[in-house]
1. Carbon and sulfur: what percent of the chain's accessible surface (1.4 Å probe)?
2. Write down the accessible area per residue of the chain in Å², having rolled a 1.4 Å probe over the full set of protein chains.
3. Rounded to the nearest 0.05, what FRET efficiency is calculated for Thr78 and Lys9 with R0 set to 25 Å and r the Cβ-Cβ distance?
4. Dividing the alpha-carbon radius of gyration of the chain by 2.2 N^0.38 Å (N being the number of residues), what value is obtained?
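The values are calculated or read from the model by the stated rules, or taken from the named source; none is laboratory data. Note that the structure is a prediction, hence the values are computed from the model and not measured. No Cβ is skipped: glycine too gets one built from the backbone with ideal geometry, and neighbour counts run over all protein chains shown. Just so you know, the surface numbers come from the protein's heavy atoms only, side chains and all, with ligands and any DNA or RNA stripped out. Shrake-Rupley method; radii C 1.70, N 1.55, O 1.52, S 1.80 Å.
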Amino acid sequence: MNSKLLKLKTIGSTEKLVLMLILDFPSIGIFNLRAGDMAKELGTTRKIILEAVDKLLVVGYIKTKVVSECYSRTTELTPEFMLLINDDE
């Protein structure tokens, strides 16, 4: 678990859980779980996950693209976010 992620003041706990889920995904691929799948994994609702994803987009921690063929969204962490949580000082 990344302690710098937990100390971020710009986002709430649900957003941190979503980021942790994305960080646990293998880095060689693009994260493409649906909001309902993330909600099931985190024990919350799809609506709350969608609100968390929207907030993460606003603060610039992730970027997304909707894939219309499979009705899902691909998500990538931004380089700015990775600099924030990088363990190297």
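1. Ligands and nucleic acids excluded, carbon and sulfur give 55 percent.
2. 67 Å²
3. Efficiency, from the Cβ-Cβ distance: 0.90.
4. After normalising by residue count via 2.2 N^0.38 Å, the value is 1.04.
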